[in-house]
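Colleague: Quick one: the structure is below, questions incoming.
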Amino acid sequence: MTHLTRTLALLAVALAAALTGHARAGDKPKEEPKKLTLMQRKLLHSQTVLEGLATNNFEKIGSGGAGLLECVNDATWKINETEKYLAHSADFRRRAEAVKKAAKDKNLDAAALAYVDMTLTCVKCHQYLREDKPNP
Ligand code: HEC
């Protein structure tokens, strides 16, 4: 009887330790920069492009553009397969490619234009998501 009580008490302690250990392990990734969502990465890459445009830094424009292409090619980008969503995605990919190409050509005007076009596709796709509310 006492043995059983002690075993149960030990089990309870072990369980509590396991649970708090779990909670800590679960909290950790949030602090790691790597754990940014695809959408947050997308925003960061577009900021890198803007920074490159403002400072005439083609390397930044190019790497931001490449990062954006990685995002749109990520499997989790495709939240639905509606014609409109796919069209917005294709539009976005074309513009991101244009940003990257302009950086390679060291053409600041073309890069700025492509960036503005791309930013409009950000707004258009988000507008579509808000208004049409497709099933994810
Ligand atoms: C083809 C569609 C599409 C395009 C283009 C697009 N997004 Fe998004 N965006 C989404 C979807 C889908 C979500 C997630 C919405 C949700 O979770 O409810 C999202 C969410 C976001 C969020 C919110 C992230 C968060 O943590 O809540 C930000 C910021 C964002 N996008 C930035 C951008 C920027 C910047 C661009 C352009 C460079 C862009 N998006 C272009 C579809 C798009």
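The values are calculated or read from the model by the stated rules, or taken from the named source; none is laboratory data. None of the values given here were measured: they were computed from a predicted structure. Don't worry about glycine lacking a Cβ; one is built from the backbone with ideal geometry, like all the others, and counts go over all protein chains shown.
Colleague: Looking at L15, L38, L19, which one is aliphatic (A, V, I, L, M), at pLDDT below 95, near the ligand (Cβ under 9 Å from one of its atoms) and surrounded by 10 or more Cβ atoms within 10 Å (Cβ to Cβ)?
Modeller: On the way: L15 fails: near the ligand (Cβ under 9 Å from one of its atoms); L19 fails: near the ligand (Cβ under 9 Å from one of its atoms).
The unique qualifying residue is L38.
Colleague: Here's another thing I want to ask about it. Which one of the conditions (1) farther than 15 Å from K42 by Cα; (2) within 9 Å of the ligand (Cβ to nearest atom); (3) of a type outside the set (F, W, Y) does D117 fail to meet, given that it meets all the rest?
Modeller: Going through (1) farther than 15 Å from K42 by Cα; (2) within 9 Å of the ligand (Cβ to nearest atom); (3) of a type outside the set (F, W, Y) one by one, D117 breaks only (2).
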